[in-house]
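The structure under discussion appears below in the form of structure tokens.
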């Protein structure tokens with residue numbers, strides 16, 4: 001398994017943002033984490049992405065228990081193993097598209113403009129390489145973010161509401177890029193409340209107020225391969241009504257797709 005979460009919780013006073021969640025994700029799987037606002041999706045992503053640590057439980061990535069790593073080592077994991085894509089683009093406004101991609105190279109190894117241009121070409125933006133973020137559409141800015149996430153060849157892409165600020169046309173472009181990455185063997189975890197985005201994944205889990213309340217597969221062959229490799233359903237130790245406990249996945253209705261504006 002590329003990623004293993006063992007009874008993790010994130011607790012703020014009386015609030016359990018994530019409540020006793022266990023989850024395994026093999027290399028090459030596309031997983032969607034769904035739920036309404038405040039369900040704990042982003043908190044979970046921050047823990048997986050080494051931007052936060054659990055209050056309880058352990059996270060193992062590529063066989064390394066993250067709890068045992070210091071700040072420098074965690075930064076190395078973020079640089080070398082994980083690519084991050086957010087709903088907000090977080091591009092440096094005074095840098096061009098290619099320079100924004102090169103920033104990620106700078107923190108990883110050696111800046112290479114040719115490689116950065118190839119990453120932009122991969123997302124269909126080589127001809128916009130010298131444009132500032134203010135000169136790019138929202139969809140183009142998100143594709144720059146994906147190029148930035150890909151530049152260091154991560155094993156795992158974490159995407160938090162990656163199409164939340166995009167219209168229908170650009171949402172399709174971004175999802176097609178994710179499909180291509182998945183076909184190439186990249187592991188993808190997408191946090192979303194959008195049913196269309198979630199349905200592109202092989203597997204979905206649902207959170208509600210930090211508690212795992214459902215799991216379903218959209219790819220039967222992927223489920224069979226996962227189980228043959230010893231994979232178990234996600235589970236929680238939270239003792240609340242509706243929680244998914246043990247080895248009995250609870251199916252669920254997809255969240256309502258947010259309205260998109262064609263353009």
Hits in segment 121-135 (condition: at pLDDT below 90 and surrounded by 18 or more Cβ atoms within 10 Å (Cβ to Cβ)): 123, 125
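Could you say whether any residue in segment 201-213 is surrounded by fewer than 16 Cβ atoms within 10 Å (Cβ to Cβ) and modelled with pLDDT of 70 or more? So that I can check it myself, show each step before the final result.
Initially, segment 201-213 is screened for residues surrounded by fewer than 16 Cβ atoms within 10 Å (Cβ to Cβ), giving none.
Within segment 201-213 (the criterion being surrounded by fewer than 16 Cβ atoms within 10 Å (Cβ to Cβ) and modelled with pLDDT of 70 or more), the answer is no, since none of the residues qualifies.
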Residue in segment 34-43 that is under 19 Å from residue 217 (Cβ atoms), at pLDDT 95 or above, crowded, with 23+ Cβ neighbours inside 10 Å and in contact with a helix residue (DSSP H, G or I) (Cβ under 6 Å, 6 or more places away or on another chain) present: no
Some residue of segment 92-110 being crowded, with 19+ Cβ neighbours inside 10 Å, in a loop (DSSP other than H, G, I, E, B) and in contact (Cβ under 8 Å) with a residue 40 or more places away in the chain: no
Considering residues of segment 44-83 that are assigned to a strand (DSSP E or B) and in contact with a helix residue (DSSP H, G or I) (Cβ under 6 Å, 6 or more places away or on another chain) only, the residue modelled with the lowest pLDDT: 83
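Would you mind finding the one in 140, 168 that is buried (at least 19 other Cβ atoms within 10 Å of the Cβ) and touching a residue at least 12 places away in the same chain (Cβ under 8 Å)?
Unique residue meeting the criteria: 140.
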Selection within segment 44-68 - surrounded by 17 or more Cβ atoms within 10 Å (Cβ to Cβ) and either free of Cβ contacts under 8 Å to residues at least 24 places away in the same chain or within 15 Å of residue 161 (Cα to Cα) (or both): 44, 45, 46, 49, 66
Which numbered condition residue 117 fails, given (1) in a loop (DSSP other than H, G, I, E, B); (2) over 24 Å from residue 187 (Cβ atoms); (3) modelled with pLDDT of 85 or more: (1)
Matching entry among 15, 95, 69 (being closer than 30 Å to residue 127 by Cα and over 17 Å from the mean Cα position of the chain (by Cα)): 95
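The values are calculated or read from the model by the stated rules, or taken from the named source; none is laboratory data. Just so it is clear, the model here is predicted, and its values are computed rather than measured. Please note: Cβ atoms are built from the backbone with ideal geometry, for glycine as well, and neighbour counts cover all protein chains shown.
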